[in-house]
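J.: What follows is a single structure, and I will ask about it in a moment.
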Amino acid sequence: MDYGKFRYEEAQRLKESRKKTVQITMKEVKFKPKIGKGDFDTKVRHIREFLAEGHKIKVTLQFRGREVAHPELGAKILDGVIEQVGDMARVDTYARLEGRSMTMVLSPEKKTAKKTDPKPPAATPAPLPAAVVEAAEATGTDN
């Protein structure tokens with residue numbers, strides 16, 4: 001057997017296998033406990049777009065100062081995110097507090113036969129989950 005031919009065929013197999021691989025990247029979206037309705041909707045829209053493109057999402061909630069004393073407010077916001085994108089994503093890692101940040105990892109659901117539109121219609125914005133509204137009222141923000 002010719003060693004040069006063997007190396008060539010091996011290189012061709014490796015090249016073919018690399019062609020079929022898919023690169024999955026991790027995108028990160030950061031929230032704060034005192035986030036306003038408009039900012040929340042915008043960030044959720046970005047999450048939906050990233051999921052439609054097939055990316056994994058790391059949702060991070062940053063606490064500042066004394067906010068870390070109320071992790072339940074952060075959990076409500078992350079629950080609101082799950083509620084908004086629940087049809088497009090599955091939760092890989094549920095929300096857990098690590099120091100001053102709470103993180104959660106989402107990944108896209110398996111693709112279906114028909115392509116879905118990643119952007120929701122502009123005329124009907126998604127309502128803010130009641131949990132987020134209650135959290136904002138509890139912190140005393142008027143955003």
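J.: What do you reckon, is residue 43 outside any helix (DSSP H, G or I) and touching a strand residue (DSSP E or B) at 6+ places or on another chain (Cβ under 7 Å)?
T.: Considered against the rule, which asks whether it is outside any helix (DSSP H, G or I) and touching a strand residue (DSSP E or B) at 6+ places or on another chain (Cβ under 7 Å), residue 43 comes out as no.
J.: Among the basic types (Lys, Arg) and surrounded by 16 or more Cβ atoms within 10 Å (Cβ to Cβ): does that describe residue 64?
T.: In short, no.
J.: Mind checking which pairs have a first residue in segment 55-77 that is in contact (Cβ under 8 Å) with a residue 24 or more places away in the chain and a second that is surrounded by fewer than 16 Cβ atoms within 10 Å (Cβ to Cβ) and polar (S, T, N, Q), Cβ under 6 Å, 6 or more apart or different chains?
T.: 55/25; 60/101; 62/101
J.: Restricting to segment 15-46, name every residue that is loosely packed, with under 10 Cβ neighbours inside 10 Å and either of a type outside the set (Val, Ile, Thr) or more than 19 Å from the chain's Cα centre (by Cα) (or both).
T.: 15, 16, 17, 18, 19, 20, 21, 23
J.: Residues of segment 16-33 being without any contact (Cβ under 8 Å) to a residue 12 or more places away in the chain and either closer than 23 Å to residue 104 by Cβ or in a helix (DSSP H, G or I) (or both), which ones?
T.: If the condition is that a residue be without any contact (Cβ under 8 Å) to a residue 12 or more places away in the chain and either closer than 23 Å to residue 104 by Cβ or in a helix (DSSP H, G or I) (or both), then 16, 17, 18, 19, 23 are the ones that fit.
J.: Let me ask something additional. Which one is nearest to residue 101 (Cα to Cα) among residues in segment 33-80 that are of a type in the set (Lys, Arg) and out of contact with any Ser or Thr (no Cβ under 8 Å at 6 or more places or on another chain)?
T.: Among those residues, the one meeting the criterion is 64.
J.: Scan 106, 61, 51, 73 and give me the residue that is outside any helix (DSSP H, G or I), modelled with pLDDT of 85 or more and in contact with a Pro (Cβ under 9 Å, 6 or more places away or on another chain).
T.: Exactly one of 106, 61, 51, 73 is outside any helix (DSSP H, G or I), modelled with pLDDT of 85 or more and in contact with a Pro (Cβ under 9 Å, 6 or more places away or on another chain), namely 61.
The values are calculated or read from the model by the stated rules, or taken from the named source; none is laboratory data. Just so we're clear, the structure is a prediction, and the values are computed from it rather than from any experiment. Note that each Cβ is placed from the backbone with ideal geometry, even for glycine, and that neighbours are counted across all protein chains shown.
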